[in-house]
Structures are given as C-alpha cells and as structure tokens.
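Heads up, the thing below is written out as structure tokens.
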Amino acid sequence: MNLTASQTDEKKSDSFVGTRVLVIGSYTYLDSFEWHVAESLRHLGCIVELFHNGAGVSGIAGLVFKVSDKIDQIAFREPELRLESRLLRTFDEFSPSVVLMLLGNRLSPKTIAKMRKRSQVPIVCWCQDQMTTLGRQYLLGGGYDAVFVKDRYMQDLFSRMIRSTSFHYLPEACNPRLHRPIELSANDQEVYGCDVMIAGTLYYYRQEILRQLADRNLKIWGGRPADRSLAGAFHGPPCSR
C-alpha cells in the first residue's frame, strides 16, 4: 500500500516525541547522511544534538582540517581521544536518552567506556559504509548495545565473530521530505534529463559498468571519472535542490 506524505505523518508514532538523541557524526551539509538522520529524528519529534567529530567544510578551511587531521593520525596513537573531553562535556550537558554514532570509526572504545560510567543510556551505531572504512575496528570493540549495517555480509561476519554486540541489517533509504519527484522546467529537463544517471562516488567497478552504457544518454554527477571514455558524461559535482 502506498501512502501519501500526509498519511505517513498521520501514522507516525508519538513514542519518539521528546526522546533526546545525541548524534555523533560529521559532514553535516544538505543531503549528507548526518543531515538526513538529524532531520528525520526531529521530524519524529526527537530532541537532537549533533556532535561534530570531523569537518565537512570546503575551501581553505577544509584543507586546513584535512592537513591537521593527517598530522594527528601520524603524531598520536589514538587521535580520536583528542575529541574526548569535548564529547563528554556535550554528553553531560545534553543528557541524552540514547546515543547514535554514525559510521563508528572515530569513537574510541575508551571514550564509550567513560560514557557508560556517566550513564546507562543505550549507545548504538549505524555504519552506513563499507568494510574498508572500519579503520582501527572501533566499531567491533566499542561494546555497542546494537550496531546497524547496510551490508548483509558484514552483518553475518560480525555476528559470528563478536558476541558482545548484536548486529542488524539496516540499509540507507530516501528521505521523502527531500527525495521526491518534482516538476521539471524546460531548462531543468535540458540539464538533468537523461536515460541513466549516477550521483555518487565513481569506484572503478562502477566505471566498468557505466562503460557498457555508452550507447545511452548517460549523466554522471559527483566524482569525476578516471576513465577518459566517460569524460563526456560528467556533468559536475553532486547536486541537490
């Protein structure tokens, strides 16, 4: 059964209203994963505090952060601990009902242990990326109450290896308040109209797939393809309206 947006709102449970959720993540800009999580939680009636454990800025400020972050990775054995005092202060001041960690590779198990001493609220993680982003495997050693992954292989593998945490399958989805059909103007149709479009990171295996669509009207938004045969299909950085 398909529901309209208003019908979906009517069926929304009130059980989340007033829940205080501390979201730990980074790259908070329009259409980022963190932005959608925070926006969706607020839509459910939650009180949300977003703690930035990274930076999603561009230009000179973004370059300075990347350089500083790289130096930290080299100079410190656990650079994530440099965020600990600020995070614990936010944790104490906000007094959350639940803590939601996004991705999970920048929160040390040592910091989680200190949070546990302050409060027994649930601490969960939603890892929305692939295994190559696990870093030092903090996700596996954090002792989360639950970890949600978007890959069934990761769910099966981790469930068999780790007994202290439960792993659940939870893929990403569209946000109907932003990702929805819109009426295109003639100019929009000229810019965005195509047979096949991809918006995202162009891994090499994706480029191989796209090469087989050379006879189609293909448009690529996001990362610039390394394969020169796809250069004509590249139309710019990620777009959101």
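Any read-out appearing in this document is the output of simple, stated calculations on the displayed coordinates, not a laboratory observation. Keep in mind that what you see is a predicted model, and the values were worked out from it rather than measured. Backbone-built Cβ (ideal geometry, glycine too); neighbour counts: all protein chains shown.
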Sparse-neighbourhood loop sites, trypsin sites (Lys or Arg not before Pro) in the stretch 180-216 - DSSP loop, at most 13 other Cβ within 10 angstrom
216
Return the long-range amide H neighbours of residue 234 (sequence gap of 5 or more, or a different chain), with a cut-off of under 5 Å between placed amide H atoms.
220
Working out 0.36 nm times the residue gap between residue 110 and residue 16, then minus their Cα-Cα distance, what length gain in nm do you get to one decimal?
30.9 nm
Summing +1 for each Lys or Arg and -1 for each Asp or Glu, what net charge is found among the other residues whose Cβ lies under 13 Å from the Cβ of residue 195?
+1
Taking 82-94, 139-151 and ranking on average Cβ neighbours within 10 Å, highest first, one gets 139-151, 82-94
Within the stretch 108-126, which residues have the backbone N less than 18 Å from the label spot 7 Å out from residue 168 along Cα→beta-carbon, could you tell me?
121-126
Per-selection Kirkwood Rh - the stretch 186-236 (Cα, Å, 1 d.p.)
11.1
Let me make sure I get this right: for the stretch 156-241, a, b and c are the square roots of the gyration tensor eigenvalues over alpha carbons, sorted descending. Under 1.5 in a/c it's rounded, otherwise prolate if a/b > b/c, else oblate. Which is it?
oblate
About the Cα centre of the stretch 186-236, what is the dipole size in debye to 20, counting +1 per Lys and Arg Cβ and -1 per Asp and Glu Cβ, all else neutral?
200
From the Cα centre of the stretch 94-148 to that of the stretch 196-241, the distance in Å is 34
Stretched fully, the stretch from residue 160 through residue 229 gains (0.36 nm per residue minus C-alpha distance, one decimal, in nm) 20.6 nm
Sorted by mean Cβ packing within 10 Å, highest first, what order do the peptides 130-137, 177-184, 100-107 take?
100-107, 130-137, 177-184
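Could you work out how much longer the chain between residue 186 and residue 98 gets when fully extended? Use 0.36 nm per residue separation minus the Cα distance between them, nm to one decimal.
27.0 nm
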Picking from 125, 144, 81, whose Cα lies most toward the positive end of the charge dipole for the stretch 75-145 (charges on Cβ: Lys, Arg +1; Asp, Glu -1)?
81
Give the shape of the stretch 93-143 as rounded, prolate or oblate, defined through the alpha-carbon gyration tensor: a ≥ b ≥ c are the square roots of its eigenvalues, a/c under 1.5 means rounded, and otherwise the shape is prolate if a/b is larger than b/c and oblate if not.
prolate
